[in-house]
Amino acid sequence: MDSRAWDVFCRVIDNYGDAGVCWRLCRELSRRGHQVRLWIDDARPLQWMAAPSDLEFVQLMAWSEAELRFEAQTGGVVIEAFGCELPDGVKARMAAARPTPLWLNLEYLSAEDYVERSHGLRSPQWQGPAAGLEKFFFYPGFTARTGGLLREPGLMEAREAADHEAWLRQQGIVREPGERLVTLFCYDNPALPRLLQGLVGTPTLILACPGPGSRMLHELQAARALPERLRVQHLPFLSQDDFDRLLWACDLNLVRGEDSFVRAQWAGRPFVWHIYPQDDGAHEAKLQAFMDRAFAGMAPDQRLAWQALWRAWNGLDSGPEASAPLQLPSLAAATDAFLAWRSGLLTQVDLVTQLQGFLQR
């Protein structure tokens with residue numbers, strides 16, 4: 001087994017997604033026999049994300065100490081997650097090492113066409129502390145010409161073997177007869193009241209993850225403005241494994257960012273993605289690119305309904321409809337389409353295996 005040393009650098013910008021992706025990556029690398037150090041500027045999310053047993057095998061390092069403590073490992077790999085820009089001292093030590101480590105920039109996930117063109121490209125460093133090094137761009141993605149998605153061996157088997165009702169009871173979650181379960185994990189979202197109005201046709205228990213969505217629901221409850229037939233249960237922070245189980249157990253998952261977005265796809269349930277909004281509006285093209293791929297197998301009317309829901313949830317609808325209740329398409333009718341999308345993704349080589357293969361190029 002190739003048990004190289006991996007250094008993963010991560011900055012937690014303003015949410016949990018960066019830490020979540022980097023932790024899943026580090027955990028899987030360590031499980032495959034690699035030595036892993038995670039250099040992170042805010043390790044607090046790992047207190048609830050990570051299982052204690054995994055923390056034993058990934059060495060946590062403070063970003064602030066990297067200038068002094070980083071030493072390039074012989075034949076090692078350095079991952080710069082999401083263009084976080086390595087400290088100059090780290091670059092200088094990498095450039096001085098013999099042999100130099102493999103330097104990868106793990107990019108953000110996108111379904112846009114440029115990902116296939118950019119995946120694997122090299123960027124020679126001509127000046128500065130990294131002069132003489134080459135950095136490679138590694139793009140996760142949804143096609144065979146990309147770096148794939150994070151997926152652990154045995155994930156689908158674990159999902160199929162899971163006792164969803166038993167897990168829910170362990171969390172103190174008890175659904176009433178005929179009640180639909182909906183996960184809510186979102187950024188600040190003005191469309192939330194419209195979504196709640198769209199859910200009232202069926203008794204629904206909303207399981208609110210910590211964050212803006214939970215806060216908004218608390219405010220609606222305090223104002224007695226929660227529609228009838230809807231119940232809310234506010235969840236604590238969950239470990240990544242338990243968050244996966246939550247997605248497996250629910251009928252509809254409202255997720256955000258990158259990490260929960262990918263895990264919702266592995267869950268095989270209908271889901272709605274709240275993409276991270278960008279000031280320049282670039283998120284609209286990114287959202288549309290994914291919908292064009294993921295919904296391609298749906299019947300035309302079904303595809304239009306799901307696209308309308310996703311756009312409205314992301315504040316991208318306009319006109320009179322922009323204040324109307326969100327129309328929730330049939331979950332039962334869409335389940336096969338979401339499962340078919342997942343089946344296609346399962347034919348891809350997973351991201352960690354592709355990273356390992358990249359070392360042999």
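Remarks
- Among 253, 15, 314, the residue with the largest mean-square fluctuation in a Gaussian network model of the chain, with springs joining Cα atoms closer than 10 Å, is 15.
- Using a 4.7 Å Cβ-Cβ cutoff, the cysteines of the chain lacking any partner cysteine are 26, 84, 186, 209, 250.
- Theoretical FRET efficiency, 1/(1+(r/R0)^6), r = Cβ-Cβ of residue 322 and residue 131, R0 56 Å, to 0.05: 0.60
- Measuring nothing but how far apart in sequence close Cα pairs (under 8 Å, 6+ apart) lie, relative to its length, segment 35-81 scores a relative contact order of 47 percent.
- Vicinal HN-Hα couplings computed from phi for segment 238-255 (Karplus, 6.51 cos²θ - 1.76 cosθ + 1.60; Hz; Gly/Pro x): 10, 5, 4, 5, 6, 5, 4, 5, 4, 5, 5, 8, 8, 7, 8, 10, 9, 10
- Beta-bridge orientation, the chain: approximately 5 percent antiparallel, per DSSP, counting only bridges with both partners inside.
- Magnitude of the charge dipole, segment 29-85, Cβ model with Lys/Arg +1 and Asp/Glu -1, debye to 20: 300 debye
- For segment 1-47 and segment 287-361, distance of Cα centres in Å: 27 Å
- Relative counts (whole %) of C-alpha pair distances in segment 137-252, using bins that are 5 Å wide: 2, 10, 18, 19, 16, 14, 10, 7, 3, 1, 0
- Each stretch of four or more DSSP H residues adds -39500 (n - 2.57); spread over every residue of the chain, this sum gives -11500 deg cm²/dmol at 222 nm.
- Carbon-plus-sulfur accessible fraction, segment 64-135 (probe radius 1.4 Å, protein heavy atoms only): 47%.
- 0 to 90° range, to nearest 10: angle between helix 282-294 axis and the chain longest Cα axis: 80 degrees
- Across segment 298-310, rounded Karplus estimates of 3J(HN,Hα) from the backbone phi angles (6.51 cos²θ - 1.76 cosθ + 1.60, θ = phi - 60°) give 7, 4, x, 5, 5, 4, 4, 5, 6, 5, 4, 5, 5 Hz, Gly and Pro being marked x.
- Per residue value of the accessible surface for the chain (all protein chains in place, 1.4 Å probe), Å²: 44 Å²
- Among 254, 60, 29, residue whose mean-square fluctuation peaks in a GNM of the chain (springs only between Cα atoms under 10 Å): 60
- Computed over the alpha-carbon atoms, segment 131-193 gives an Rg to Rh ratio of 1.18, Rh here being the Kirkwood radius from the mean inverse distance.
- Fluctuation leader among 119, 274, 218 - the chain, Gaussian network, Cα springs under 10 angstrom: 218
- Translational diffusion of segment 256-361 was estimated from the Stokes-Einstein equation, with Rh taken as the Kirkwood radius over Cα pairs; at 4 °C and 1.567 mPa s the coefficient is 85 µm²/s.
- Amide H to amide H distances under 5 Å link residue 81 with 9, 106, where only residues 5 or more positions off or on other chains count and H is placed in the peptide plane.
- Once the chain from residue 336 to residue 176 is taken as fully extended at 0.36 nm per residue, the excess over their C-alpha distance is 55.1 nm.
- Within the chain: Cβ-based charge dipole about Cα centre, in debye rounded to nearest 20 (Lys, Arg +1; Asp, Glu -1): 340 debye
- Whole-number D in µm²/s for the chain (Stokes-Einstein; Kirkwood sum over Cα pairs; 20 °C, 1.002 mPa s): 99 µm²/s
- The chain, relative contact order [Cα under 8 Å, separation at least 6], %: 15 percent
The values are calculated or read from the model by the stated rules, or taken from the named source; none is laboratory data. Predicted, not measured: the structure shown is a model, and the values here were computed from it. Heads up, the Cβs are rebuilt from the backbone with ideal geometry, glycines too, and the neighbour counts pull from every protein chain shown. In case anyone asks, the SASA skips ligands and DNA or RNA and just uses the protein heavy atoms, side chains included. Shrake-Rupley method; radii C 1.70, N 1.55, O 1.52, S 1.80 Å.
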